[in-house]
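Have a look at the structure below, then the notes.
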Amino acid sequence: MAANNRRMSGKKGAQVGSGGQRRRGLEGKGPTPPAEMRKGHKKNRIATSKAKQTARRPAPRGRGGKSTSELVVGRNPVVEALREGVPASTLYVQQFIDNDERVREALQLAAERGGINLMEAPRPELDRMTNGLNHQGLVLQVPPYEYAHPEELADAAADEGVDPLIVALDGVTDPRNLGAVVRSVSAFGGHGVVVPERRAAGMTAGAWKTSAGTAARTPVARATNLTRALEAYKKAGIVVVGLAADGEAELGDLEALEGPVVIVVGSEGKGLSRLVGETCDFRVRIPMPGGAESLNAGVAAGIVLYEAARRRG
């Protein structure tokens, strides 16, 4: 009977099970998160502490920001831009294009400079990129210009151990005028140009071309508010001189050009805006015996910069 019981105890029969709970408990819960994300872990505590310190830390002084990328369209404009050293990231060439002299020169200039991507694209794609402009099978992409902060221009002069010589443009909307001013600032040892963020010319391909390559070594700063930027310069001990046809002083009599100075040039016709004019320490006129009513920004800035360089020399 005992043997019989032993046999019976070995039989398989219905038993109370776990209902799958053990199997589900053995299933994985996904990949283990990194230590920095596991609550209670030492690395998590360190990462949390660093995040709190960053949040409490004051934000660094922002730069002037970047412009948007630009397209130079057409065979002659593209070749001229490449000749003048306008920055470029990509040269788009239409598929099956007529390989004339300008196309060959554009390809050669892009290859010689290096760092410019050459992309072949069908005509419909170039039409879409240029919004239907007459691109003639050549499109050059100019990367966004990275503007400086107005304070950086004065800082650069301080690093050199010299007085700042800066030009600010008020209401100048022609990129060619901006390029001409940049060229003059570079020629006479200035430290840069300040332009307003709105309603003003920016560093486009046209400005680059007019600067004749000097924009590569002469910074252009962008100010959210030009009046506040000029007030900040004044607090730093820099004299602000505005050019005006009805200025109280004559250029040749202005001794302020021998020291730290910001020269403010207004638009041709309108001149300085009211708030900018009121912010200037001096309003100066350029004597014009020939009787011209006004000069464009590039010419006016060049005359004053020459006078400043002569006095400092």
Practice task
Tell me which residues, restricted to the range 254-313, are part of a loop (DSSP other than H, G, I, E, B), open to solvent by less than 20 Å² (accessible area, probe 1.4 Å) and under 18 Å from residue 170 (Cβ atoms).
Solution key: 280
Handout entry: Among (1) within 26 Å of residue 141 (Cβ to Cβ); (2) open to solvent by less than 30 Å² (accessible area, probe 1.4 Å); (3) assigned to a helix (DSSP H, G or I) - the single one residue 209 does not satisfy
Key = (2)
Exercise for the section: Please tell me if residue 218 is within 30 Å of residue 82 (Cβ to Cβ), surrounded by 17 or more Cβ atoms within 10 Å (Cβ to Cβ) and free of Cβ contacts under 8 Å to residues at least 40 places away in the same chain. Expected result: yes
Problem - Positions within the range 87-107 being more than 15 Å from residue 123 (Cα to Cα) and touching a residue at least 40 places away in the same chain (Cβ under 8 Å), in sequence order - result: 87, 88, 89, 90
Exercise for the section: Evaluate the range 176-191: report whether one residue or more is open to solvent by less than 60 Å² (accessible area, probe 1.4 Å) and farther than 18 Å from residue 299 by Cβ. Expected result: yes
Practice task
Could you tell me which of the residues 123, 128, 199 is over 25 Å from residue 271 (Cβ atoms), free of Cβ contacts under 8 Å to residues at least 40 places away in the same chain, open to solvent by 20 Å² or more (accessible area, probe 1.4 Å) and in contact with a Gly (Cβ under 9 Å, 6 or more places away or on another chain)?
Solution key: 123
Practice task
Hey, can you tell me all the residues within the range 77-96 that are exposed (fewer than 12 other Cβ atoms within 10 Å of the Cβ) and either on the phi < 0 side of the Ramachandran plot or in a helix (DSSP H, G or I) (or both)?
Solution key: 95
Practice task
Scan the range 224-235 for residues that are over 15 Å from residue 272 (Cβ atoms) and of a type in the set (Gly, Ala, Ser) and jot them down.
Solution key: 232
Practice task
Go through (1) under 30 Å from residue 223 (Cβ atoms); (2) at pLDDT below 90; (3) surrounded by 11 or more Cβ atoms within 10 Å (Cβ to Cβ) one by one and return the number of the condition residue 99 breaks.
Solution key: (1)
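The values are calculated or read from the model by the stated rules, or taken from the named source; none is laboratory data. Computed from a predicted model, the values in this text were never measured in an experiment. All Cβ positions, glycine included, derive from the backbone under ideal geometry; neighbour counts span all protein chains shown. The accessibility values were calculated without ligands, DNA or RNA, using every heavy atom of the protein model including side chains. Shrake-Rupley method; radii C 1.70, N 1.55, O 1.52, S 1.80 Å.
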